[in-house]
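The values are calculated or read from the model by the stated rules, or taken from the named source; none is laboratory data. Note that this is a predicted model, so its numbers are computed, not measured. All Cβ positions, even for glycine, are placed from backbone atoms using ideal geometry, and neighbour counts span all protein chains on display. When the accessible area is computed, the model is the full protein with side chains, heavy atoms only, and any ligands, DNA or RNA have been set aside. Shrake-Rupley method; radii C 1.70, N 1.55, O 1.52, S 1.80 Å.
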Amino acid sequence: MDDGPRGRFIVIEGIDGSGTTLQTRAVGDWLTARGHRVLETREPSTGAIGALARQRLSVQTAAAPLTLALLFAADRLDHIASEVTPALAAGAVVVSDRYLMSSLAYQALDCDPAWVREINRHAPLPDLTLVLDVPADVAFNRAQRRTAGGGSVAERFDALDLQRRLADHYRRLHGDPGLGPMVVVDGDRPPEAVTDALAQALLRAGL
Ligand code: TMP
């Protein structure tokens, strides 16, 4: 991005049930405790396009795959412009629950992966992507417990075979130079152990 004082843009990624939301919060708390100004955020974002993307993810009102891919890409640029860039310019560390890697993994299930990259060409790369690597069946059982516990709507990607393909897509993207600096962490451990591993990665990145 441009010159001047600038924070850092950190992204947490993984398949559904890998713990991205919990770890985004934990990493945000850890950074705050170390004295950083922090913005915790997520994609789909809380903006108007993000809300639309989430609505069109639900099985009841699902959008066609190409439409969904365009909605996520549009939400990403809107999220960058309205939340991420201003926070970075103010010197904050931005921690996003999902970003570009999610589109490359999820939308590539039904769309041409090269096209998904192309429509995301203007999304700036994060300073660091932290990937939670969790076996598909472990993550799927966690996500199912959450849905069964209420408060969640069935979404387009809630099926074990899809989650297995997704886990495979994520693994193929490990270390992809088109995604910027990346650290993959074993997410199949107690949450505190995962947070410790993420904190070590952030320390190594100078945070
Ligand atoms: P979550 O809030 O549980 O992470 O749900 C968001 C869902 O949206 C999840 O199934 C992943 C999916 N998604 C995409 O398919 N593409 C994207 O670019 C993003 C950000 C999320």
*Condition met for Gly28 (in contact with a Gly (Cβ under 7 Å, 6 or more places away or on another chain), more than 9 Å from the ligand (Cβ to nearest atom) and within 30 Å of Glu192 (Cβ to Cβ))*: no
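Residue under question is Gly17, and the condition is that it be in contact with a strand residue (DSSP E or B) (Cβ under 8 Å, 6 or more places away or on another chain), touching a residue at least 40 places away in the same chain (Cβ under 8 Å) and surrounded by 17 or more Cβ atoms within 10 Å (Cβ to Cβ); does it hold?
No; evaluated as a whole, the condition is false for this residue.
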*Any idea which of Leu104, Leu100, Leu109 is over 22 Å from Val183 (Cβ atoms) and either small (Gly, Ala, Ser) or within 12 Å of the ligand (Cβ to nearest atom) (or both)?*
Leu109
*Using the structure shown, decide if Gly91 is away from the ligand (no atom under 15 Å from the Cβ) and in a loop (DSSP other than H, G, I, E, B).*
yes
*Hey, among Leu57, Leu100, which residue is farther than 24 Å from Leu198 by Cβ and crowded, with 18+ Cβ neighbours inside 10 Å?*
Leu57
*Select from the range 33-54 the residues that are assigned to a helix (DSSP H, G or I) and open to solvent by less than 80 Å² (accessible area, probe 1.4 Å) and list them in ascending order.*
Ile49, Gly50, Ala51, Leu52, Ala53
*Within the range 138-182, which residues are surrounded by 13 or more Cβ atoms within 10 Å (Cβ to Cβ), more than 13 Å from the ligand (Cβ to nearest atom), aliphatic (A, V, I, L, M) and over 26 Å from Ile10 (Cβ atoms)?*
Leu160
